[in-house]
Amino acid sequence: MVAVILDCDPGHDDALAILLAAADPSLDLLAITTVAGNQTLDKCTLNARRVCTVAGITGVPIAAGADRPLRRPRRVAAHIHGESGLDGPAFGEPTVGVSDEPAVELMRGLLLDRPEPVTLVPTGPLTNIATLLDRYPEVREGIAEIVLMGGSTGRGNTSPYAEFNIAVDPEAAEIVFGSGLDVTMVGLNATHQALVTPDVVARIRAVGTDVADVCADLMTFYAAAYERVYGLPGPPLHDPMAVARVIDRSVVGCVPAPVRVETAGTYTSGATAVDLHHVTGEPDNALVAVDVDVRRYFDLVVEAVTRVGLTQR
């Protein structure tokens, strides 16, 4: 099994990333840490607790992290995820609690205590991960790799060239990509290959459990937001794709490339400059997702929803 820590900002797609990380038998989910991104830190942390409660995920600590970017004002994506960050279903009061230990301290302890290196899977802004690397450089040997959802080889979704997670905290992203660790970037160019069409929602709902109904309702709200804002026929299922890459390398094909993060520029701040053709002569510092086995990807997601639903029963 691959030991992972999921660092997220739930978020509709983060919710399914949590289910996939918790349910797939090839992964050992050590912790869920939260960061301000799709909504405020308090709302994202509450949403992680809500998802774990609905799915019956217990024994996995949830820890709250950074409530704002390293140097910039906080920004959220309420236009996509709603005022709660998980608009759509009606959630009851969560029964899964939150750790008293801050996210970065919890990650440090896990990375230093484990005999084998741990894979970090950030699916929100990279503030927690950058803070961890900066504050506790001794943890580096305990990190097997960082597989993140963020960035793009082309256009953005928050500005013409910047993807949301990177745009929220470009300085944190610059630290992570410049860390010298094994980094894999699963960006918009990959996630936009896997749209949650009505057929995918129907597959999820057909699982027939309470958690499947919640997931289908989440995707229905998410789809309506993406159609309204971007005119897409279905929303890209961004965040679980980083988890899927850890589960099965063949699902998300990657190529090595130099990746640099723009931290300034009226139109380019937060952009990931990915040199796929190696025209700059700079060394590769990341694997970059380019191809997706869409059928296998959604199979993994539906299988995870099924496993969690059966556990819940």
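The values are calculated or read from the model by the stated rules, or taken from the named source; none is laboratory data. Worth saying up front: this structure is predicted, and the values here are computed from it rather than measured. Cβ coordinates were reconstructed from backbone atoms using ideal geometry, including for glycine residues, and neighbour counts include every protein chain displayed.
For every residue, the table says whether it meets (1) among the β-branched types (V, I, T); (2) in contact with a Cys (Cβ under 9 Å, 6 or more places away or on another chain); (3) at negative phi; (4) surrounded by fewer than 20 Cβ atoms within 10 Å (Cβ to Cβ).
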residue	(1), (2), (3), (4)
T127	yes, no, yes, no
A130	no, no, yes, no
L133	no, no, yes, no
Y136	no, no, yes, yes
R140	no, no, yes, yes
I143	yes, no, yes, no
R155	no, no, yes, yes
S159	no, no, yes, yes
E163	no, no, yes, no
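The residues in the range 165-199 that are buried (at least 24 other Cβ atoms within 10 Å of the Cβ), under 19 Å from P235 (Cα atoms) and of a type outside the set (A, V, I, L, M) can be counted, and the count is 3.
Of all residues in the range 8-52, those that are under 17 Å from E101 (Cα atoms) and surrounded by fewer than 24 Cβ atoms within 10 Å (Cβ to Cβ) total 6. Of the residues in the range 129-137, none is within 14 Å of P61 (Cβ to Cβ) and part of a helix (DSSP H, G or I). Counted as qualifying within the range 142-229 are the helices (runs of 4 or more DSSP H) with 3 or more residues that are over 30 Å from P115 (Cα atoms) and among the charged types (D, E, K, R), namely 198-205. Once the range 220-250 is narrowed to residues that are touching a helix residue (DSSP H, G or I) at 6+ places or on another chain (Cβ under 8 Å) and more than 17 Å from V200 (Cα to Cα), the residue that is modelled with the lowest pLDDT is V229.
Looking only at residues of the range 89-103 that are among the hydrophobic types (A, V, I, L, M, F, W, C) and either in a loop (DSSP other than H, G, I, E, B) or free of Cβ contacts under 8 Å to residues at least 40 places away in the same chain (or both), we find that the one that is surrounded by the fewest Cβ atoms within 10 Å (Cβ to Cβ) is A90. Taking the criterion of being assigned to a loop (DSSP other than H, G, I, E, B) and touching a helix residue (DSSP H, G or I) at 6+ places or on another chain (Cβ under 8 Å), the residues of the range 104-119 that qualify are R114, P117. The single condition among (1) in contact (Cβ under 8 Å) with a residue 40 or more places away in the chain; (2) touching a strand residue (DSSP E or B) at 6+ places or on another chain (Cβ under 9 Å); (3) over 25 Å from D13 (Cβ atoms) that I129 does not meet is (3).
Taken together, the residues in the range 53-83 that are more than 22 Å from E174 (Cα to Cα) and loosely packed, with under 15 Cβ neighbours inside 10 Å amount to 4. Count of the range 256-283 residues, restricted to those that are surrounded by 14 or more Cβ atoms within 10 Å (Cβ to Cβ), touching a residue at least 24 places away in the same chain (Cβ under 8 Å) and either of a type in the set (D, E) or closer than 19 Å to L27 by Cβ (or both), is 1. In summary, strands (runs of 3 or more DSSP E) completely within the range 259-313 and bearing 1 or more residues that are closer than 30 Å to V211 by Cβ occur at 286-292. Here is a check on your reading of the model: is L86 assigned to a helix (DSSP H, G or I) and under 26 Å from D169 (Cα atoms)? Answer is no for this residue.
I'd like the full set of residues that are free of Cβ contacts under 8 Å to residues at least 60 places away in the same chain and surrounded by 14 or more Cβ atoms within 10 Å (Cβ to Cβ), limited to the range 224-235. Selection gives L232, G234.
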